[in-house]
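The values are calculated or read from the model by the stated rules, or taken from the named source; none is laboratory data. Predicted model, so just to flag it, every value in this text is computed and none were measured. When we count neighbours, we look across all protein chains shown, and the Cβ atoms used for this are built from the backbone with ideal geometry, even at glycine.
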Amino acid sequence: MVATTHTELLSAQEWSQLKEHLGLPPRQAEIANFIMHGKSDKQIARELGISLPTVRTHMTRLFRKLDLNDRVELILHVFTCMREHPEICR
C-alpha cells in the first residue's frame, strides 16, 4: 500500500477521481502513484514487496491501457487529463 498520496501534486480526492476517470485497477493506480512521485522500478518493487519483473509487468499493462510509451508520457497524460477535465479538480 502506498504510504502517501499525491498531496504535493494532487489532493487525495483529485487522485481518487482521476484513478476512477482513467479506469485504473488498484495495483496500476499504486504504480502510477509511485511513478508520479519519481520512484524507480526498484523502489516501487521494494515498497510494494513484489519482484522487479512484476513491477515492470504492471507498468507495461498500465502504459498499454492508456496508450502510452513511458513514465514521462504517463505524467504528461495525468496533467493533461486534469486540465481537460477540470471537474476532477473540484
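Pick from region 30-55 the residues that are assigned to a helix (DSSP H, G or I), among the polar types (S, T, N, Q) and modelled with pLDDT of 95 or more: which of them is nearest to Glu20 (Cα to Cα)? Lay out the reasoning, then the answer.
Step one: filter region 30-55 for residues assigned to a helix (DSSP H, G or I), giving 30-36, 41-48, 52-55.
Next, only the ones that are among the polar types (S, T, N, Q) stay: 33, 43, 54.
Filter once more, keeping what is modelled with pLDDT of 95 or more: 43, 54.
Numbers: Gln43: 25, Thr54: 23 Å.
Among those residues, the one meeting the criterion is Thr54.
Of everything in region 1-12 that's farther than 16 Å from Leu48 by Cβ and part of a loop (DSSP other than H, G, I, E, B), which residue is modelled with the highest pLDDT?
Let us first name the residues in region 1-12 that are farther than 16 Å from Leu48 by Cβ, namely 6-12.
Narrowing the set further to residues that are part of a loop (DSSP other than H, G, I, E, B) leaves 6-11.
Details: His6: 41, Thr7: 44, Glu8: 63, Leu9: 73, Leu10: 76, Ser11: 80.
So, considering only residues that are farther than 16 Å from Leu48 by Cβ and part of a loop (DSSP other than H, G, I, E, B), the one modelled with the highest pLDDT is Ser11.
Picking from residues in region 13-29 that are modelled with pLDDT of 90 or more and small (Gly, Ala, Ser), the one that is nearest to Lys65 (Cα to Cα) is Gly23. Only one of the numbered conditions (1) under 11 Å from the mean Cα position of the chain (by Cα); (2) of a type outside the set (A, V, I, L, M, F, W, C); (3) surrounded by 13 or more Cβ atoms within 10 Å (Cβ to Cβ) is violated by Lys65, and that is (1).
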